[in-house]
1. Test of understanding: what is the full-extension gain from A:Lys425 to A:Lys248, defined as 0.36 nm times their sequence separation minus their Cα-Cα distance?
2. With a sphere of radius 14 Å drawn around the Cβ of B:Arg65, what net charge do the other residues whose Cβ falls strictly inside it have (Lys, Arg +1; Asp, Glu -1)?
3. Within region A:19-38, name every residue whose backbone N is under 19 Å away from a label modeled 7 Å from Cα of A:Val13 along the Cβ vector.
4. Between B:Lys91 and B:His35, what's the calculated FRET efficiency when r is the beta-carbon distance and R0 is 22 Å? Round to 0.05.
5. State which helices in chain B qualify, where a helix is a whole DSSP H run, it must extend 20 Å or more along its own axis by its Cα atoms, and its mean Kyte-Doolittle hydropathy must be at least -1.0.
6. Roughly how many nanometres apart are two label points built 7 Å out from the Cα toward the Cβ at B:Arg167 and B:Tyr133?
7. On average, how many beta carbons from a partner chain sit within 10 Å of the beta carbon of a residue in B:56-65?
8. Test of understanding: extend the Cα→C-beta vector of A:Trp53 to 7 Å, then name every residue of region A:315-346 with backbone N under 19 Å from that spot.
Amino acid sequence: MTAAQIFAVIIFVAMFIMIVMDKIERHYVTLGSGILTLTVVFGICLHDGKAIWNTLALKGFATKDFWYQVTESESKGINWATILFIAGMMVMVEGMAKAGFFRWLCMKIAYLVKCKTIPIFITFMIMSAVLSMFIDSITVIMFLAAVTIELAQLLKFNPVPMILAEIFCANLGGSATMCGDPPNIIVGTSLGFSFFDFLTNTGLVAGISLVVSVIFFYFVFRKELVSGHGSNVDMSKFPKPSEAITNKTDFAISSVIFGIAVILLITHAVTHLTVATIGLFIAAITLITSGKHALELLKKVDYKTLVFFIGLFIVVGGLEETGILELIADFIEKISGGNVMLMIAIILWVSAIASAFVDNIPFAATMVPVIQSLAETSGLSLNTLAWALSIGTDIGGSATPIGASANVVGTSVAAKNGHPIGWGKYCKKLAPATIIVLAISNVYIIVRYL
Amino acid sequence: MSQFIISVGREFGSAGRAIAEELAKRFDIPIYDRHLITEIAAKTGLTPEEVEKYNEAPKLKILSRRVNGYSNSIEDNIAEMQFEFLDEKAKSGESFVVVGRCAETKLRKYPSLISLFILGDMEEKIKRVMKIYELSEEDAKSFIAKKDKKRKRYHNYHCSGHWGDSRLYDLSINSSRLGIDETINMLEQYIKARISK
């Protein structure tokens, strides 16, 4: 191993350990590690100014492909498209939350099913999955869990099973689209996939898995969910959905912007607008229409997450430029003995197990160049490997309370309202569901692509 | 000073809790220690035993994660609920004594806070723990070490300052020097002087 490779690995491993230790905020960790990669690995060890420039990827902004892409292309270094898109969606989501959109939607659905526990349970699972296809799962669970607890108090049922099922479905829904979960945005923008590519590949298996999951959770949780009120629910005591709307004009505008975002994402393979353009456009119209509240929305954007991504991409760029990721790809090929089924299974299950315990974003960012290299050397389709990676990282995160952001937010909201969910309670129900969905996905990939 | 909040940090076996209880009695104000557990239990619907299990306990970092201020750790959530509860009490203008719970840091913004830290000589602490818990000398020593380690980890995780560092408190006192009663008398005088200022 060269000095550059050794330092790239040390920085990466130290970064991962520090993220897990949670002593220093994770965006400082990745940014510090990124700066170390640029100075030590690229500067001192490699004396390679070009590698620094390539990793910073700033010239991408000036290319037409970054904004309007007719042919698929792959990106290296800092994935600015991912960062711009996430920033844009953050602005939009802040606007929607401020107008009361999410609370209104939850209450509306509860009303439509006449506030009956089991129908709420089923519709909230589906809503969690559908919303997570377009919106970050943290926001989805934050609102859904809060409303679930409110309804549980009114209807006298245990909210824990419902929150657990919502968390699982949010992660499942996120796997269905390119913008549903950060690993998918990274995979999609790095390898040049469209929203539609995800929907017709990971989306299909997510749909099948959702049906299975709803049935699974129904049988697992139905006894715990039996309402104390039975079938006679006095709906007059419930807060009206319209009470959730803070401002009718803002509500209408944010709903229209959300609709535009969904249409732009679904059609971006036809319009050739990249996710970076869509993110910027959505942010711009949200800010323009919010008038004097624009600054307030901008201040609420989670800049820490954006900085986290920038640092992360630089560190992964260090591993990529020094050839470490090729070594990992060679290792995977060697242990699978060239057996494609085994190779797919390794990518899917190793991604899932890793994502159950560590942040799936750094993992996915690291694995993208690995599967690129693996596809080149093994002859296996890059697309197939990409779907296995996406599904593995997205679904694997559901298995433990720390595997994905939605899990942390959901269990935290529950605990703060007197329903602590420990590892045992969480894993007892969601780990088997995760294994079932991963098994379905494994069979799906083999049947469809091999 | 119409409101006064007395926070008592303590080493295990230093009689910190007994001192806090006596101070609460002398000033005729409520004490939040075990009572805090019942209050949290009543507020959340948890059983006191469940709250006790996670009370002043440091979380296992490898099994927990924090996202945008949310944490999956039950210990973290119980701790935050206690901090919020104390903050609400302080904001309401109530005078009270609080034992532990990082109160010297969490309530620092209130000018009415009088923060104390009670420590003790190891021999005295061992004697006290042996008597109260009916333990051998060796067991008492390791019990003290275990309890103090837990308190230190809990405190240092939730606060930027270090547990027991005299700079965090208005007054740090070794209860073994004057004995428990004399220490209480001295602290009473100090608190009265602070209140009258």
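1. 59.6 nm
2. Once positives and negatives cancel, what remains is 0.
3. A:19-22, A:30, A:33-34, A:36-38
4. With R0 = 22 Å, the Cβ-Cβ based efficiency is 0.75.
5. Qualifying helices: B:74-91, B:180-196.
6. My value for the distance between the label points is 3.2 nm.
7. 4
8. In region A:315-346, the label zone of A:Trp53 (backbone N under 19 Å from the point 7 Å along Cα→Cβ) covers A:317-318, A:321-322.
The values are calculated or read from the model by the stated rules, or taken from the named source; none is laboratory data. Because the structure is predicted, anything quoted here is derived from the model rather than measured. A quick note on method: Cβ atoms are made from the backbone with ideal geometry, for glycine too, and the neighbour counts reach across all protein chains shown. We work out accessible area using only protein heavy atoms, side chains counted, and drop any ligands, DNA or RNA first. Shrake-Rupley method; radii C 1.70, N 1.55, O 1.52, S 1.80 Å.
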